[in-house]
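Note sheet for the following structure.
FYI, it's all coordinate maths here, none of it is from the lab. This one's a predicted model, so the numbers in the text were calculated from it and none came from an experiment. Because the Cβ atoms are built from the backbone with ideal geometry, glycine has one as well, and the counts that use them run over all protein chains shown.
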């Protein structure tokens, strides 16, 4: 059976009674076929098509006009909304200067500069408080991407005796005024996302976020992380979760050493 989706996306391949190539497009084919679904004969189909064709041509013209209008509306909706809510002229030099200011990396991005380079790491992880830590090792390469806007992290090693690969991105959102991170690896199909702030006194970026846990099945598992620059050749990442009673405990600690 042909679905309505097939009518709208692949009308040229529909089983037609004849080979007439109609230029009026989807609308004519769709509406004609809806009538023909009740009247099965090819003769009746051709009659209906001849009667409906002039109407469908006009319908197609109108639809194209409406499509163009919707495209223009979509492009300008953000600017229109901003104009109404904050009385901002999006085409003004001031607005363009502000967009350029927020769009380029700044001093907060330079906080991530010491993490650039090649590293080896040692991981200790705990499934629950009091467990003996699971230990693993690997390599990590950090590099700038998007012209210094985001720090890209590429990891390869082993976890629980299995090959492990992961990719992460960290950046500073100048509009929201916060650091943001995303992480994905070959152990899960979801992505970990988090956001937070930097403490210059401790040289630590602290973030909180959520992820879908493939072990417990929790769709929104909370976690907190701390990324600390110890010195130019060493940094540490710590992650924290919550136990069954909602008490926070350390789930992971990764120690990095620069490769020279």
Calculate the all-directions average of the projected area of the stretch 148-204's alpha-carbon convex hull, and give it in nm². 5.2
The simple spin-label model distance between residue 203 and residue 145, using points 7 Å out along Cα→Cβ, in nm, is 2.6
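Tell me the relative contact order for the stretch 97-138 as a rounded percent, counting alpha carbon contacts under 8 Å between residues six or more apart. List each step's numbers first, then the result.
On the way: 22 pairs, mean separation 12.1, N = 42.
Worked out over the stretch 97-138, it gives 29 percent.
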What whole number of Å gives the distance from the Cα centroid of the stretch 211-257 to the Cα centroid of the stretch 185-200? 9
Label-point gap, in nm, between residue 127 and residue 250 - each point 7 angstrom along Cα→Cβ: 2.0
Where does each of 175, 123, 116 land when they are ranked from fewest to most other beta-carbon atoms within 10 angstrom? 175, 116, 123
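Based on other C-beta atoms within 10 Å, arrange 254, 182, 205 from fewest to most.
Numbers: 254 20, 182 15, 205 24.
Fewest to most other Cβ atoms nearby, the residues stand as 182, 254, 205.
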Over the alpha carbons of the stretch 107-258, what is the largest minus smallest coordinate on each principal axis, giving the biggest first in Å? 40, 31, 30
For 128, 152, what's the fewest-to-most ordering of other Cβ within 10 Å of each Cβ? 128, 152
